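Before any comments, here is the structure.
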Amino acid sequence: MRTLHLLFAAFCVVANAAHAVSNISATQSEVMNKLLATYAESAKVEFKEQNGRGAVSDKPFSAEVGRKFFLARRTWQSHDYTCSGCHTNDPTKVGRHIETKKAIDPLAPSKNAERFTNFEKVETNFKKHCLDLYERDCTAYEKGNFISYLMSVK
Ligand code: HEC
């Protein structure tokens, strides 16, 4: 019964997020909802395993927490690193790779129909960029918040 409740709660969060932006394609909304549901399950496990320490939480995903994560700076060897360094502070804008200087299409699904159309590709990108920035994969909680944020961006 508890599991059912949790599943229903997760469904409501997902359904609300999907309504936040109307101009994303059916495929994008399907992939992003699948990501959210997967991360929600993993976030529960992480929270148990890490006993609430670090970048985990048992709170529902939050677009605002996701926005802060996107803008957060990590200083390493006196350089500042942030997701927005390559993707800009605004996910609706075209980014620029800090090293190769190549243009990066917007991350916001409302502005880029190619984004979030492939579950595995998202996971690969997440892992790569999280390793670049944090020298670890991001937690499911961080990823879920970030996806919620991108879904809310018009
Ligand atoms: C050094 C530059 C750089 C940094 C820093 C960076 N990214 Fe990226 N990111 C890219 C590039 C380049 C792409 C485009 C890859 C593509 O289109 O295949 C991308 C694409 C993505 C995608 C696209 C997924 C999809 O399916 O289209 C996600 C999600 C993402 N980044 C998340 C992040 C997060 C979260 C951070 C911060 C932890 C971050 N990135 C930091 C360069 C960067």
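No lab work stands behind these numbers, since they all come straight from the coordinates. Everything numeric in this text was worked out from a predicted model, so none of it was measured. Note that each Cβ is placed from the backbone with ideal geometry, even for glycine, and that neighbours are counted across all protein chains shown.
Matching residues to (1) buried (at least 21 other Cβ atoms within 10 Å of the Cβ); (2) within 10 Å of the ligand (Cβ to nearest atom); (3) within 13 Å of the chain's Cα centre (by Cα):
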| site | (1), (2), (3) |
| --- | --- |
| Thr92 | no, no, no |
| His97 | no, yes, no |
| Ala103 | no, yes, no |
| Lys111 | no, no, no |
| Glu114 | no, yes, no |
| Phe119 | no, yes, yes |
| Phe126 | no, yes, yes |
| Asp132 | no, yes, no |
Starting from the range 69-93, take each residue that is without any contact (Cβ under 8 Å) to a residue 12 or more places away in the chain and list its partners that are β-branched (Val, Ile, Thr) and surrounded by 15 or more Cβ atoms within 10 Å (Cβ to Cβ), counting only C-beta distances under 6 angstrom and pairs at least six apart or across chains. Arg73/Thr82
Quick check on the range 90-102. Is at least one of its residues under 12 Å from Leu150 (Cα atoms), assigned to a loop (DSSP other than H, G, I, E, B) and touching a Lys or Arg at 6+ places or on another chain (Cβ under 6 Å)? yes
Only one of these conditions is not met by Gly95: (1) touching a His at 6+ places or on another chain (Cβ under 6 Å); (2) closer than 19 Å to Tyr39 by Cα. Which number is it? (2)
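A quick yes/no check of all residues on (1) out of contact with any Asp or Glu (no Cβ under 8 Å at 6 or more places or on another chain); (2) of a type in the set (D, E, K, R); (3) assigned to a helix (DSSP H, G or I); (4) without any contact (Cβ under 8 Å) to a residue 24 or more places away in the chain:
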| residue | (1), (2), (3), (4) |
| --- | --- |
| Ala108 | yes, no, no, no |
| Ala113 | yes, no, no, no |
| Thr117 | yes, no, no, no |
| Asn125 | yes, no, yes, yes |
| Lys128 | yes, yes, yes, yes |
| Leu131 | no, no, yes, yes |
| Phe146 | yes, no, yes, no |
